[in-house]
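Colleague: Quick one: structure below, then a few questions.
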Amino acid sequence: MFNLHKCRVGVVGLGYVGLPLALEFGKHFDTVGFDVKPKRIRELKAGRDSTREASPQELQSASRLQFTTRLQDLKACGVMVVTVPTPIDEFKRPELTPLMSASESIGKVLKKGDVVVYESTVYPGCTEEICVPILERVSGLKFNRDFFVGYSPERINPGDKEHRLTTIRKITSGSTPGAAKFVDQLYGSIVRAGTHQVSSIRVAEAAKVIENTQRDVNIALINELALIFKRLGLDTEEVLQAAGTKWNYLPFRPGLVGGHCIGVDPYYLTHKATEIGYHPEMILAGRRLNDNMALHVANEVVRLMTHKRIHVRGARVLVLGLTFKENCPDFRNSKVVDVVRELEKYGAVVDVHDPWVDAAEARHEYGIKPIRTLRKGHYDAAIVAVAHREFKAMGPAAVRQLCRRNHVLFDIKYVFPARDVDGRL
């Protein structure tokens, strides 16, 4: 029933996760890359990737990969891999609409013997409780008799050119022993780092959702320590460097926690925990602390400006960086936006500059239009919010030249030495 050698793969969703996966599968199997956005398909066919995860050479060399918006093109595929986003809504609840829509679409082309593999981050049980019933209802087929399901959580780190799809060990699972073995072999054929097959889909879902929850809680701890050290008059970086001399110390740093993973995944786990009658404390405490760091940054900048007798209302503030992490164009759930909003509440006029961001998309998503040209001697304060390599190359002196004689330079990401800035976390 499961034949790896005659496999044709469809990848549903061609973002940061789906595109690298489609390209890699396309080296070994006939592959269909499907996305509902015509603009995305047009750029990929033209050899361009706005996420900057794939080079033009990689796109052009994918001879066994076709890009399409036509759902019917997936009909010939025996395996369909779902890589759509799983965000949260305004109330911090899982927003499963993209996942459910993808499942409905696949259900329309699903046939006997097919395997559907989900990579999107979800809470334990979501695949079998939410996605499978949709596949059954739309297709009219019976789960684990006519079609099978697997779960292999994505581990893509946007902007990271060292840890790639093929060099990160892959967790695999399936809805039956046969399906699990097939899914493991499928990923084993493209992932050089190897695979780790688990006993059930729920185990794989749980493993994924705690990866970023663990990071979130650890960063929250360091953020809290930074707040304490600030009141004690201690330099947080120096303290962390000293603590880091111990062999088993975990090297986390304070900062804004945004993006589509670390700032989102914990809410999927806490949602399920609450549903089964357990109220999580540590996880939600970490989330609250991290979500409030943008407020702390804005308040600290205002405090420093006031100390220098700079009137905040009407002051011009430059924010360098809008994305949720360095050297990456992804600004989903960026907490830099919260810093901008808070400064605007004080009456400051805020300009945002980010060479990695599409200005039209930023304006559409947040109402923020990043500026392209930086003016010397124009700002009362500058905030280095993202550690893009362009900002590192500028150096603190060049950033200060953008400001008036009396100004504040605040560094969120420890881009510059402590002696060269007026404040940082």
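Colleague: Which is the longest part of the chain that has none of the chymotrypsin sites (Phe, Trp or Tyr not before Pro) sitting in a DSSP loop with at most 10 other Cβ atoms within 10 Å?
Modeller: Numbers: sites that count: 91, 247, 278.
After excluding every exposed loop site, the longest remaining stretch is 92-246.
Colleague: Within the set of other residues whose C-beta is less than 13 Å from the C-beta of residue 282, count the net charge using Lys and Arg as +1 and Asp and Glu as -1. Intermediate results must be reported in sequence, preceding the final value.
Modeller: Values: positive: 287, 288; negative: 216, 224, 281.
Residues close to residue 282 contribute a combined charge of -1.
Colleague: Placing +1 at every Lys and Arg Cβ and -1 at every Asp and Glu Cβ, with all other atoms neutral, what dipole size does the chain have around its Cα centre, in debye to the nearest 20? Intermediate values should be presented prior to the final figure.
Modeller: Working: 61 positive and 49 negative charges, 174 e Å.
Charge dipole of the chain: 840 debye, to the nearest 20.
Colleague: With a/c under 1.5 counting as rounded, go ahead and sort the range 372-425 into rounded, prolate or oblate using the C-alpha gyration tensor (a ≥ b ≥ c being the square roots of the eigenvalues; past the cut-off, prolate if a/b is larger than b/c, else oblate). Don't jump to the answer; show the numbers that get you there.
Modeller: On the way: a/c = 1.80, a/b = 1.21, b/c = 1.50.
Since a/c reaches 1.5 but b/c is at least a/b, the shape of the range 372-425 is classed as oblate.
Colleague: Which of rounded, prolate or oblate describes the range 183-263 when judged by the alpha-carbon gyration tensor and an a/c cut-off of 1.5? Intermediate values should be presented prior to the final figure.
Modeller: Working: a/c = 3.44, a/b = 2.36, b/c = 1.45.
Prolate shape, in that a/c is at least 1.5 and a/b is the bigger ratio.
Colleague: Could you give me the radius of gyration and the Dmax of the range 312-368, taking only the C-alpha atoms into account and expressing both in angstrom?
Modeller: 11.2, 32
Colleague: Based solely on its DSSP helices, what 222 nm [θ] is calculated for the chain when runs of n ≥ 4 H residues each add -39,500 (n - 2.57) and the sum is averaged over all residues, nearest 500 deg cm²/dmol? Before the final figure, lay out each step's value.
Modeller: Working: 14 runs with 161 residues, N = 425.
The helix-only estimate for the chain comes to -11500 deg cm²/dmol at 222 nm.
Colleague: With all distinct Cα pairs included, what does the Kirkwood hydrodynamic radius of the range 198-336 come out to in Å, to one decimal, could you say? Before the final figure, lay out the partial values.
Modeller: On the way: mean 1/r = 0.0579 Å⁻¹.
For the range 198-336, the Kirkwood estimate is 17.3 Å.
Colleague: Which aspartates and glutamates, on any chain, are close to residue 208 with Cα under 14 Å apart, when same-chain ones fewer than 8 places away are left out?
Modeller: Within the straight-line limit of under 14 Å, residue 208 reaches these aspartates and glutamates: 119, 154, 216, 265.
Colleague: Can you list the HN-Hα couplings for the range 126-137, worked out from phi with the Karplus curve (6.51, -1.76, 1.60; θ = phi - 60°), rounded to whole Hz and with x for Gly and Pro?
Modeller: 4, 4, 7, 8, 10, 6, 4, x, 5, 4, 5, 5
Colleague: Past 31 Å, Cα to Cα: identify those pairs from 37/170; 39/181; 142/325, in the order given. Intermediate results must be reported in sequence, preceding the final value.
Modeller: Working: 37/170 28 Å; 39/181 37 Å; 142/325 43 Å.
Pairs exceeding 31 Å: 39/181; 142/325.
Colleague: Out of all DSSP beta bridges in the chain, what portion is antiparallel? Express it as a percent rounded to 5.
Modeller: Details: 2 of 43 bridges.
Taking every DSSP beta bridge within the chain, about 5 percent pair in antiparallel fashion.
Colleague: Where does each of 291-297, 310-316 land if you order them by average Cβ count within 10 Å, highest first? Display every interim value, and only then the final one.
Modeller: Values: 291-297: 19.9, 310-316: 14.4.
Final packing ranking: 291-297, 310-316.
Colleague: Could you name the lysines whose alpha carbon sits less than 16 Å from that of residue 92, not counting residues in the same chain fewer than 8 places away?
Modeller: 272, 335
Colleague: By its C-alpha gyration tensor, with a ≥ b ≥ c as the square roots of the eigenvalues, how is the range 1-138 shaped: rounded for a/c under 1.5, else prolate for a/b larger than b/c, else oblate? Don't jump to the answer; show the numbers that get you there.
Modeller: On the way: a/c = 1.95, a/b = 1.22, b/c = 1.60.
Cα axes put the range 1-138 in the oblate bin.
Colleague: Tell me, what HN-Hα J-couplings in whole Hz come from the Karplus equation 6.51 cos²θ - 1.76 cosθ + 1.60 at θ = phi - 60° for each residue of the range 289-303, using x for Gly and Pro?
Modeller: 5, 5, 5, 8, 5, 5, 4, 5, 4, 4, 5, 5, 5, 4, 4
Colleague: If you count the DSSP beta bridges with both ends in the range 1-107, what percent of them are antiparallel, to the nearest 5? Don't skip to the answer; put the middle values down first.
Modeller: Working: 1 of 14 bridges.
Beta bridges within the range 1-107, antiparallel portion: roughly 5 percent.
Colleague: Can you compute 3J(HN,Hα) from phi for each residue in the range 235-250, using the Karplus curve 6.51 cos²θ - 1.76 cosθ + 1.60 with θ = phi - 60°, rounded to whole Hz and x for Gly and Pro?
Modeller: In residue order, the calculated couplings are 7, 4, 4, 5, 4, 5, 5, 5, 5, x, 6, 7, 4, 10, 6, 8 Hz.
Colleague: Something else now. In straight Cα distance, which aspartates and glutamates are under 12 Å from residue 413, not counting same-chain residues fewer than 8 positions off?
Modeller: Hits, sequence-local ones excluded: 237, 326.
Colleague: For the range 1-107, which whole percent of the accessible surface, found with a 1.4 angstrom probe, sits on carbon and sulfur atoms? Write down the numbers at each step before the final one.
Modeller: Details: 2620 of 5170 Å².
The nonpolar share, carbon plus sulfur, comes to 51 percent.
Colleague: A follow-up question, please. Using a probe of 1.4 angstrom, how much of the accessible area of the range 137-212 is carbon and sulfur, in percent? Write out the running numbers ahead of the final one.
Modeller: Values: 1650 of 3240 Å².
The C+S portion of the solvent-accessible surface of the range 137-212 is 51 percent.
Colleague: So, one more: Using a 1.4 Å probe, what is the accessible area per residue for the chain, in Å²? Intermediate values should be presented prior to the final figure.
Modeller: Details: 19710 Å² over 425 residues.
In whole numbers, the chain has 46 Å² accessible per residue.
Colleague: Now, a different point. Starting from a Cα-only point model with no solvent, please compute log10 I(q)/I(0) by Debye for the chain at q = 0.06, 0.07, 0.10, 0.14 1/Å.
Modeller: -0.28, -0.38, -0.75, -1.26
Colleague: Starting from the amide H of residue 197, placed 1.01 Å from N in the peptide plane, find each other amide H under 5 Å away whose residue is 5 or more places distant or on another chain.
Modeller: Excluding prolines and chain starts, which carry no amide H, the hits are 172.
The values are calculated or read from the model by the stated rules, or taken from the named source; none is laboratory data. In this text, all values refer to a predicted model and were calculated from it rather than measured experimentally. Cβ atoms come from the backbone with ideal geometry, glycine included; neighbour counts cover every protein chain shown. All accessible areas refer to the heavy atoms of the entire protein, side chains included, with ligands and DNA or RNA removed. Shrake-Rupley method; radii C 1.70, N 1.55, O 1.52, S 1.80 Å.
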